[in-house]
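A.B. asks: Submitted below is the structure of interest, expressed as structure tokens.
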Amino acid sequence: MQIFEMNAPRYLNLFKIALPLPGVSSILHRLSAVAIFVLSLPMFGLLVFSLSSRSNFDIVLLIFENLFFRTLFTAFVTAIFYHYISGIRHLVMDFGYWETLRAGRMSALATFISTGFFFLSFIFLTWL
């Protein structure tokens, strides 16, 4: 019993831990799920409100002229895309592929690159 107590960490500073890329990807997958959960109700509420009449649709268009709401919507859509791509990555790993350290790094990097490409495309199409 004392063997386990001697090797137990005594000081754990989460800001000084250098996580590998797959670890960062996994944590961001969970954070994107939280963002989707938190932002789903307001976004779907705006969708239902905008579909009820033409005047309500115009009101929602005015709401999305606001920089804060536009940024929130962009974060919501990006979180959905990242969560989807990262979920596919996790499913592939559950089937026994990409389990080596190199493959895990490469798939995490591919997840970040594809999300970044989607984010830039989304910004270009919606903000400009």
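We did not get these values from a lab; they are worked out from the coordinates using the rules stated. Everything quoted here is computed from the prediction, not taken from an experiment. Heads up, the Cβs are rebuilt from the backbone with ideal geometry, glycines too, and the neighbour counts pull from every protein chain shown.
A.B. asks: Which of the peptides 29-39, 57-67 is most tightly packed, and how do the rest follow, judged by the mean count of other Cβ atoms within 10 Å per residue?
C.D. replies: Final packing ranking: 29-39, 57-67.
A.B. asks: Can I ask one more? Calculate one ³J(HN,Hα) per residue across the range 38-52 by plugging θ = phi - 60° into the Karplus curve 6.51 cos²θ - 1.76 cosθ + 1.60, and present them in order as whole Hz with x for glycine and proline.
C.D. replies: 5, 8, 5, 4, x, 5, 5, x, 5, 5, 5, 4, 6, 8, 7
A.B. asks: Charges only on Cβ, +1 for Lys and Arg, -1 for Asp and Glu: so what's the dipole of the chain about the Cα centre, in debye to the nearest 20?
C.D. replies: It comes to approximately 240 debye.
A.B. asks: Using a basic spin-label model with each label point 7 Å from the Cα along Cα→Cβ, how many nm lie between PHE117 and VAL92?
C.D. replies: It works out to 1.3 nm between the two label points.
A.B. asks: Could you give each residue of the range 110-119 its phi-based ³J(HN,Hα) in whole Hz, using Karplus coefficients 6.51, -1.76, 1.60 with θ = phi - 60°, and x for Gly or Pro?
C.D. replies: 5, 5, 5, 5, 5, 5, x, 5, 4, 4
A.B. asks: A further question on this structure: If you fit an axis through the alpha-carbon atoms of helix 67-94 and take the longest principal axis of the Cα set of the chain, what angle between them do you get, 0 to 90°, nearest 10?
C.D. replies: With rounding to tens, the tilt is 40 degrees.
A.B. asks: Dividing the convex hull volume of the alpha carbon atoms of the range 39-92 by its residue count, what do you get in Å³ per residue?
C.D. replies: Per residue, the Cα convex hull of the range 39-92 comes to 75 Å³.
A.B. asks: Rounded, prolate or oblate for the chain? Axes are the square roots of the Cα gyration tensor eigenvalues, ordered a ≥ b ≥ c, and the cut-off for rounded is a/c under 1.5.
C.D. replies: Prolate is the answer for the chain, as a/c is 1.5 or above and a/b outweighs b/c.
A.B. asks: May I pose another question? Relative contact order, percent, of the chain when contacts are C-alpha pairs under 8 Å separated by at least 6 residues?
C.D. replies: Normalised by residue count, the contact order of the chain is 31 percent.
A.B. asks: Then there is this: So for the pair VAL60, ALA103, with labels modelled 7 Å out along Cα→Cβ, what separation do we get in nm?
C.D. replies: Distance between label points: 4.3 nm.
A.B. asks: Only helical DSSP H runs with n ≥ 4 go in: add -39500 (n - 2.57) per run for the chain, normalise by residue count and round the 222 nm mean residue ellipticity to 500 deg cm²/dmol.
C.D. replies: That comes out to -27500 deg cm²/dmol.
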